[in-house]
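What follows is a short report on a single structure.
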Amino acid sequence: MKDTEAATRRSYWLETAPPGEPAPPPAGDLSVEVAVVGGGIAGLSTAWELVRQGREVAVLEAARLAAGVTGHTTAKLTALHTLVYDHLRRTRGPEGARLYALSQSEAIRHAAEVVGELGIDCEWEEAAAYTYAQNPGRVEELRAEARAAREAGLPAEFVTETELPFSVAGAVRVSGQAQFHPRKYLLALVDDLRRRGGAVYEGTRVVGLTEGKPCVLETGAGVSVRAEEVVVATHYPIFDRALLFTRLSPRRELVVAGTIDEDLAPRDMYITPEQGTRSVRSAPYGDGKRLLIVTGEHFTPGTADVEKRFARLSEWADDHFSGLTFTHRWATQDNDSTDSVPLVGPLHPGSRHTYVATGFGGWGLSGGIMAGRLISDLASGREAEWAGLYDPRRLGPVVREGVSFLKHQAQVARHFIGDRLPALSGPRPEDIAPGDGAVVRLGGHQCAVHRDASGQLQAVSAACTHLGCLVAFNRAEKAWECPCHGSRFAPDGRILQGPAVKPLEKRDL
Ligand code: FES
């Protein structure tokens, strides 16, 4: 079995379009028309659309632009989202499925237009999207999906042949979709946004929001940003009066990538719900090669042996594609909403000037571009035909999303209470191997203790600063992860990913 131990542990997108000099945080208090919190695809798309409409916009990004989830995606732009249409047809009716297909297709069409208009060199390739299965037992499910997707308005068909180097029992095929380099696309959008007078601040973590006229955001550095309208596009919402966290489950996913001869590389995009999801695409690489990108092995953050999962994914890629030389591996994170439809629109039932974009499942690229259009319209007093479909205020979770809502709550409760029990008889600091970490009870506190490669121990509180669940160590990525809502922290407690906005507190050993 080949493994990816020697592969670069960095996203290919970040390596080939690295962040330049960071845009400095605001030097003092600011006033803008619209503040967009979060510089991923949803935030940047929203900001760019608004700037194009002549609005005064500032983007506030806690770390670097397009370098979080957006910089770690598979970068497929498709309206075929595995098996969503048959589900939507049943849960939201034929009209809901139609609006979903239309809004996602419109986002892809719009992105193609933007690429042309700005002349962006982002390796844009038109491709078909497939959802396939190798197990004949799933053929009926695929036929139903093809039917539902077609009825929803997509050019979908059921097929049994693909270009993949292995046979499939069946597949749904949708033509006219696209794949691209997400960072090259977004960095060009940022350049254009600045040219048009938009402001961008990196290294600017927002920690507080007071809604009103205007709204006031507080940054970790003590700067206030007053804004008539605020867009929360932080992947998992950091402000959440509507308790959206009860309707979102975090899911971590692994990616392995490697070079393959051009004539052996698939040119279309593939996904299967089998084996815990396998997603495949390829990207231009040069020298007669393409980069094969394989995603899969999803799990709740903080609950898996990630090294083993990487090995399983690379073994699958190696078994299915010959001549593959692994070059990169990385991981990404998605938020699944309980009804499989993103939450995009007003932040809570009473909100008049605050908006949110979240819950894209694994489909944040078309979803993020769609959200940019939808929110910029809402903030300008217009409403897209599909605004109601994505409105976060749609029917309460227990009514429509009962089973998955309750399942998610039970899982959170298990992590909140259950995860505290093993630590009572858990490891001691001296048991922790170099490079590893464990939750240890010290002086009556649950501490997250990490031993670095040189043998030094450091301890932080194991209670996640979001809502208090216990974190667990991801040895492969050297991070503390919270299983409840997916916050991630460096071994020294610094925030890697929200919704937490405060680091884990230092503890004495
Ligand atoms: Fe919510 Fe940790 S992310 S409790």
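The values are calculated or read from the model by the stated rules, or taken from the named source; none is laboratory data. Nothing here was measured: the structure is a model prediction, and the numbers come from that model. Counting neighbours? That spans all protein chains shown, and the Cβs are built from the backbone with ideal geometry, glycine included. Heavy atoms of the whole protein, side chains included, go into the accessibility calculation; ligands, DNA and RNA do not. Shrake-Rupley method; radii C 1.70, N 1.55, O 1.52, S 1.80 Å.
Which residue pairs have Cβ atoms under 8 Å apart, sit 6 or more places apart or on different chains, and have a first residue in segment 464-489 that is within 22 Å of Thr358 (Cβ to Cβ) and aliphatic (A, V, I, L, M) and a second that is in a loop (DSSP other than H, G, I, E, B) and within 6 Å of the ligand (Cβ to nearest atom)?
If the second residue must be in a loop (DSSP other than H, G, I, E, B) and within 6 Å of the ligand (Cβ to nearest atom), the pairs left are Leu467/Cys484; Leu467/His485; Val471/Cys464; Val471/Cys482; Val471/Ser487.
On the basis of being open to solvent by 40 Å² or more (accessible area, probe 1.4 Å) and under 24 Å from Val280 (Cα atoms), does Asp121 make the cut?
In short, yes.
Within segment 255-271, how many residues turn out to be farther than 12 Å from Ala128 by Cβ and out of contact with any Lys or Arg (no Cβ under 8 Å at 6 or more places or on another chain)?
Number satisfying all stated conditions: 3.
In segment 464-497, how many residues are near the ligand (Cβ under 8 Å from one of its atoms), surrounded by fewer than 24 Cβ atoms within 10 Å (Cβ to Cβ) and not hydrophobic (A, V, I, L, M, F, W, C)?
Of the residues in segment 464-497, 3 are near the ligand (Cβ under 8 Å from one of its atoms), surrounded by fewer than 24 Cβ atoms within 10 Å (Cβ to Cβ) and not hydrophobic (A, V, I, L, M, F, W, C).
Could you check Thr160 against (1) buried (at least 16 other Cβ atoms within 10 Å of the Cβ); (2) over 30 Å from Cys464 (Cα atoms); (3) of a type in the set (Val, Ile, Thr) and say which number it fails?
Result: Thr160 fails condition (1) only.
Restricting to segment 83-104, what's the tally of residues that are open to solvent by 30 Å² or more (accessible area, probe 1.4 Å) and either of a type in the set (Val, Ile, Thr) or under 19 Å from the mean Cα position of the chain (by Cα) (or both)?
Qualifying residue count for the region: 2.
Enumerate the pairs (first residue in segment 73-84 and within 13 Å of Ala144 (Cα to Cα); second residue anywhere and among the acidic types (Asp, Glu) and modelled with pLDDT of 95 or more) with beta-carbon separation below 6 Å, excluding pairs fewer than 6 apart on the same chain, so at least 6 apart or on different chains.
From residues that are within 13 Å of Ala144 (Cα to Cα), the pairs are Leu83/Glu145.
Which of the residues that make up segment 438-460 are within 16 Å of the ligand (Cβ to nearest atom) and open to solvent by 10 Å² or more (accessible area, probe 1.4 Å)?
Val439, Gln446 - these are the residues of segment 438-460 that are within 16 Å of the ligand (Cβ to nearest atom) and open to solvent by 10 Å² or more (accessible area, probe 1.4 Å).
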